[in-house]
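Student: Just passing along the structure, written as structure tokens.
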Amino acid sequence: MAGQGRLIEPTCGKLTWCCWKGHTMKRISVGLIAALAVGLSCQAGFAQTLKTVRDRGVLSCGVSQGLPGFSSPDDKGNWTGLDVDVCRAIAAAVLNDPAKVKFVPLSAKDRFTALQSGEIDVLSRNTTWTVSRDTSLGVNFTGVTYYDGQGFLVKKALKVNSALELNSASICVQTGTTNEQNVADYFKGNNMKYEVIAFGTADETVKAYESGRCDVFTSDISQLYAERLKLANPADHAVLPEVISKEPLGPLVRHGDDQWFDIVKWTLFAMINAEELGVTQKNVDEMAKSTKPELKRVFGTDGNLGEQLGLTKDWVSRIVRAVGNYGESFDRNVGAGSKLGIARGLNQLWNKGGIQYAPPIR
Amino acid sequence: MATEARKPPSQFWARLRGILGGHAGWGGFAFQILFVAALAWVGYEIFANARANLQAQRIASGFGFLSQTAGFGVSQSLIPYSETDTYSRVFLVGLLNTLLVAVVGIIFATIIGFIVGIGRLSPNWLVARIAGGYVESVRNLPLLFQILFWYLAVLGALPGPRQSISLFDKFFLSNRGLVIPKPLGEGGLQVFLAAVAVAVIASIALRIYARRQLFKRGRIIVIWPYVIALIVGLPALAVLSAGAPVTFEIPQLKGFNFSGGLRIVPEFVALVVALSTYTAAFIAENVRAGIMSVQKGQMEAGASLGLSHGATLRLIVVPQAMRVILPPLTNQYLNLTKNSSLAVAIGYPDLFSVFAGTTLSQTGQAIEIIAITMGVYLLISLVTSAIMSFYGWRINRSLGT
């Protein structure tokens with residue numbers, strides 16, 4: 001198995017200090033606790049994520065603190081969203097039960113430390129893939145669930161039609177995001193003055209924007225649409241046409257466990273391949289009986305691709321039965337079938353005019 | 001034959017044993033050495049383990065990140081700062097913002113605290129009840145809640161910059177903060193500052209001279225007319241001879257915000273108001289306890305000497321009360337400084353927010369950044385404690401205890 005070669009023997013198994021829970025004052029403490037946890041926990045815990053998850057019986061998945069369409073709890077406390085579906089798909093593949101997920105809500109600024117310290121097994125929290133994050137944070141991005149870009153939300157009453165008219169504006173942004181740096185680049189690049197006020201959580205940022213402290217709220221465009229739903233009068237606010245950055249969002253895992261990296265990566269690829277092959281939540285059991293060579297490989301009736309991953313032969317059926325294919329999940333959470341109603345755009349499959357493309361299952 | 005007294009046995013070893021081992025003797029000493037060694041071993045294990053883990057996961061480590069470009073903006077900075085500056089500059093900006101809030105907060109908290117504390121002891125029924133109500137309501141509500149209240153409910157309710165409340169068209173109050181004319185130095189500035197300095201030094205010298213005369217010869221010299229003449233006269237003379245020291249840059253509404261002028265951002269105001277009113281409630285109780293610890297006879301003694309009520313308080317009661325007030329007052333100053341890290345909730349760029357927040361999440365170097373931040377807060381607290389200890393030592397010396 002891929003991960004076993006890197007296994008380092010445990011030297012201090014009892015010192016692992018990563019099961020910290022609790023909600024109050026989390027924002028203040030999580031950085032500190034996580035820093036200690038990185039220092040005290042053992043390498044052994046990081047090299048065998050699959051075994052750890054199976055022994056625990058629950059997948060620990062880092063998500064946002066409530067972003068409609070991507071990860072937010074409903075009034076019964078059930079988490080839904082595109083990022084949540086990735087967590088559920090992994091749980092379905094590994095534990096054969098999409099409900100066995102513990103969702104850990106994280107602010108933008110605490111998310112990486114939570115992953116580094118082992119508090120979560122996978123981070124699926126609308127996180128932008130950049131080279132500095134991929135190399136210096138000790139994490140690996142496993143793919144792109146949503147191709148996004150950064151934009152601006154303004155009040156219609158300001159009568160602004162372009163981001164280039166925003167000279168001297170006050171801008172609210174969430175701290176610890178790529179947005180904070182992109183907005184600095186954009187205004188400097190266009191020789192415009194601005195004042196940026198950075199808040200710890202998305203809710204605080206939106207509240208300050210709504211109270212009039214800022215003229216502009218900036219974030220990834222999908223988030224602008226999602227947060228606009230929470231405002232008192234969504235129709236009074238408009239998203240400006242400019243897209244100032246590339247924000248490929250995707251799940252990520254810790255360095256040092258190649259097997260787990262492969263599992264998370266191929267879970268998303270399986271969802272995208274399923275859409276391409278026309279496998280849906282409804283017809284998955286029907287399709288699994290197919291005699292087509294390609295489908296036989298995918299459903300494990302021929303070969304043992306799933307077992308090579310460390311999963312079972314029917315891993316793809318488990319995933320699609322639990323959350324549907326990528327297109328179904330997209331429509332249900334952010335697309336036409338949701339309140340957000342975002343068009344597929346770039347996130348359409350490669351053979352239908354978009355750029356979503358997964359390597360083949362063979 | 002005189003017998004010489006036998007020399008007492010050398011106390012050296014016994015004394016050494018006492019110093020090193022206490023009552024437990026040499027055994028206790030050995031145990032102490034073992035304990036320190038174990039502590040050092042645990043410390044080394046933590047350090048070595050952290051380093052090995054970071055390397056195994058290929059997480060960047062070390063302090064090299066401090067010279068990298070930060071690439072994000074900060075809304076308030078006491079020193080020139082732009083996005084192209086380094087993370088070490090960000091650290092400095094955050095540190096200065098934290099110190100600014102702490103110093104301004106401490107000043108206001110002390111003033112409000114003393115007024116309320118003395119007010120609670122006032123013989124006036126209404127004043128005492130108002131002060132008591134203030135203390136009980138403010139100190140029993142969570143601080144984070146109070147900060148958000150001031151920020152969102154009070155300052156957030158102000159009108160936007162285009163409808164701002166203006167005073168003489170020079171001062172503007174809006175939800176973007178208070179904008180005031182900004183003084184710009186002119187040619188006469190240096191002469192003016194020199195005149196002010198001379199006036200202040202001369203006034204202090206005059207006061208010292210007057211006190212000496214009072215204590216040595218019992219002669220009372222009235223100095224306030226001279227002091228006023230110095231402090232008003234000298235700078236006025238400087239302005240007449242060398243021209244105006246400053247001109248004012250009047251803020252103007254341009255685009256979305258005011259340009260020019262000095263701006264006090266609402267995040268700063270909300271944080272200072274919340275921190276100082278909250279801490280003042282605790283200080284007020286300290287002050288009340290301190291004053292009540294001074295015996296009633298002291299007040300009566302002052303009165304029987306013919307001193308006024310105010311003079312008795314100022315010269316007899318408060319100096320004695322300070323001995324009791326000071327240690328808990330130091331605690332409150334430390335609390336205020338540490339509580340300022342709640343700034344992140346309202347987007348005020350303090351050390352915790354821009355360094356242990358944004359910088360940490362951009363570089364991912366949690367251990368280094370948390371260590372630096374903890375070290376800085378510790379240093380600020382120790383310096384505050386040292387200053388207060390020195391002040392306490394002076395009070396005790398002057399009271400002759």
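Student: Along Cα→Cβ, 7 Å out, is where each label goes; now give me the distance between the ones at A:Asp331 and B:Asn331 in nm to one decimal.
Tutor: Going from the A:Asp331 label point to the B:Asn331 one covers 6.5 nm.
Student: What FRET efficiency comes out for the pair B:Glu136/B:Phe168, r = Cβ-Cβ distance, R0 = 41 Å, nearest 0.05?
Tutor: Working: r = 40 Å, r/R0 = 0.98.
For B:Glu136 and B:Phe168, the calculated efficiency is 0.55.
Student: Could I ask something else about it? Tell me, B:Val93, B:Val127 in order of fewest to most beta-carbon neighbours within 10 Å?
Tutor: Listing B:Val93, B:Val127 from fewest to most nearby Cβ atoms yields B:Val127, B:Val93.
Student: Counting only other chains, what is the mean number of Cβ atoms within 10 angstrom of the Cβ of each residue in peptide A:183-189?
Tutor: Across A:183-189, the average partner-chain Cβ count within 10 Å equals 3.
Student: For the range A:187-232, compute the orientation-averaged projected area of the C-alpha convex hull (one quarter of its surface), in nm².
Tutor: Hull-based average projected area comes out at 3.7 nm².
Student: Viscosity 0.890 mPa s, temperature 25 °C: Stokes-Einstein D of chain B from its Kirkwood Cα radius, in µm² per second?
Tutor: Diffusion coefficient, whole number: 91 µm²/s.
Student: Using label points projected 7 Å from each Cα along Cα→Cβ, tell me how many nm separate B:Phe390 and B:Ala371, to one decimal.
Tutor: Between B:Phe390 and B:Ala371, the simple spin-label model gives 3.0 nm.
Student: I need two numbers for the range A:151-245: Rg to one decimal and Dmax as a whole number, Cα atoms only, in Å.
Tutor: Both quantities, over Cα of the range A:151-245: 11.8, 34 Å.
Student: Compute the Rg/Rh shape ratio of chain A: radius of gyration over Kirkwood radius, all on alpha-carbon atoms. Mind showing how you got there, number by number?
Tutor: Working: Rg = 21.0 Å, Rh = 21.4 Å.
Ratio of gyration radius to Kirkwood radius for chain A: 0.98.
Student: Once you have the Cα-Cα distance between B:Tyr44 and B:Leu237, take 0.36 nm times their residue separation minus that, and quote the gain in nm to one decimal.
Tutor: Working: separation 193, 0.36 × 193 = 69.48 nm, distance 6.68 nm.
Contour length minus the Cα-Cα distance gives 62.8 nm.
Student: Next up: Hey, can you grab everything whose amide H is under 5 Å from the amide H of B:Lys254? Only 5+ residues off in sequence or another chain; H modelled, so Pro and N-termini drop out.
Tutor: Sorted by chain and number, the residues that satisfy this are B:Ser259.
Student: Right, here's the next one. Per residue and in cubic angstrom, what volume does the convex hull of the Cα atoms of the range A:302-362 have? Numbers along the way, then the final one.
Tutor: Working: hull volume 6.1 nm³, N = 61.
Looking at the range A:302-362, the number lands at 101 Å³ per residue.
Student: Once you list every other residue whose beta carbon is under 11 Å from the beta carbon of A:Leu349, what net charge do they have if Lys and Arg are +1 and Asp and Glu are -1?
Tutor: Neighbourhood net charge equals 0.
Student: A:Asp75: net charge of surrounding residues, Cβ under 15 Å, Lys/Arg +1, Asp/Glu -1, itself excluded?
Tutor: +2
Student: Pulled fully out, how much extra length does the chain show between B:Arg207 and B:His309, if you take 0.36 nm times their separation in residues and subtract their Cα-Cα distance?
Tutor: Taking 0.36 nm per residue and subtracting the Cα distance, the gain is 34.4 nm.
Student: For the peptides B:342-351, A:97-106, B:204-213, B:247-256, what is the packing order when you average, over each peptide's residues, the other Cβ atoms within 10 Å and list the highest mean first?
Tutor: B:342-351, A:97-106, B:247-256, B:204-213
Student: Let me ask you something else. Give the order of B:Phe63, A:Phe330, B:Phe172 when sorted by the count of other beta carbons within 10 angstrom, beginning with the fewest.
Tutor: B:Phe63, B:Phe172, A:Phe330
Student: Per-residue ellipticity at 222 nm for chain A, helices alone: DSSP H runs ≥ 4 residues times -39500 (n - 2.57), over residue total, nearest 500 deg cm²/dmol?
Tutor: -10500 deg cm²/dmol
Student: How large is ³J(HN,Hα) for each residue in the range B:241-252, as worked out from phi by the Karplus curve 6.51 cos²θ - 1.76 cosθ + 1.60 (θ = phi - 60°), to whole Hz, x for Gly and Pro?
Tutor: The phi angles translate into 7, 10, x, 4, x, 9, 10, 10, 8, 7, x, 10 Hz.
Student: Helix-derived [θ] at 222 nm for chain B: sum -39500 (n - 2.57) over DSSP H runs of at least 4, divide by residue count, nearest 500?
Tutor: My calculation for chain B gives -21000 deg cm²/dmol from helical runs alone.
Student: So what are the ³J(HN,Hα) numbers for the range A:87-100, from phi and the Karplus equation (6.51, -1.76, 1.60; θ = phi - 60°), rounded to whole Hz, Gly and Pro as x?
Tutor: 4, 5, 5, 5, 4, 5, 5, 8, 10, 6, 7, x, 8, 7
Student: So how do B:Val376, A:Val323 line up by other beta-carbon neighbours within 10 Å, fewest first?
Tutor: B:Val376, A:Val323
Student: Can you tell me the alpha carbon radius of gyration of the range B:16-55 divided by the globular rule-of-thumb value 2.2 N^0.38 Å?
Tutor: 1.73
Student: Right, another one. Would you mind calculating the gained length between B:Asn124 and B:Arg6 on full extension (0.36 nm times residue separation, minus the Cα-Cα distance), in nm to one decimal?
Tutor: Values: separation 118, 0.36 × 118 = 42.48 nm, distance 7.49 nm.
Taking 0.36 nm per residue and subtracting the Cα distance, the gain is 35.0 nm.
Student: Further question on the same structure: Taking the Cβ of B:Pro328 as the centre, find all other residues whose Cβ is under 14 Å away and add up their charges (Lys, Arg: +1; Asp, Glu: -1).
Tutor: +2
Student: Separation between the A:Lys296 and B:Ile223 pseudo-spin-labels, each 7 Å from Cα along Cα→Cβ, expressed in nm?
Tutor: Placing both labels 7 Å along Cα→Cβ, they lie 10.6 nm apart.
Student: Taking each residue in A:198-205, count the Cβ atoms of any other chain within 10 Å of its Cβ, then average. What number comes out? Let's see the in-between values first.
Tutor: Working: counts 12, 7, 9, 2, 0, 0, 7, 1.
Across A:198-205, the average partner-chain Cβ count within 10 Å equals 5.
Student: Measure up A:Lys193/B:Lys182; A:Lys109/A:Lys246; A:Lys313/A:Lys352; A:Lys155/A:Lys230; A:Lys155/B:Lys170 against 22 Å on the Cα-Cα distance and list the ones that go over.
Tutor: From A:Lys193/B:Lys182; A:Lys109/A:Lys246; A:Lys313/A:Lys352; A:Lys155/A:Lys230; A:Lys155/B:Lys170, over 22 Å: A:Lys313/A:Lys352; A:Lys155/B:Lys170.
Student: What does the average come to when, for each residue of peptide B:144-152, you count the partner chain Cβ atoms lying within 10 Å of its Cβ?
Tutor: Shielding by partners across B:144-152 averages 2.
Student: Per-residue HN-Hα couplings for the range A:296-307, Karplus 6.51 cos²θ - 1.76 cosθ + 1.60 at θ = phi - 60°, whole Hz, x for Gly and Pro?
Tutor: Whole-Hz 3J(HN,Hα) from phi for the range A:296-307: 5, 5, 4, 8, x, 6, 9, x, 9, 4, x, 5.
Student: Here's another thing I want to ask about it. Cα-Cα pairs above 34 Å in the protein assembly as shown: how many percent?
Tutor: When every Cα pair of the protein assembly as shown is considered, 62 percent fall beyond 34 Å.
Only the coordinates and a few stated rules stand behind these numbers; no lab work does. From a predicted model like this one, the values you see are computed outputs, not experimental measurements. Heads up, the Cβs are rebuilt from the backbone with ideal geometry, glycines too, and the neighbour counts pull from every protein chain shown.
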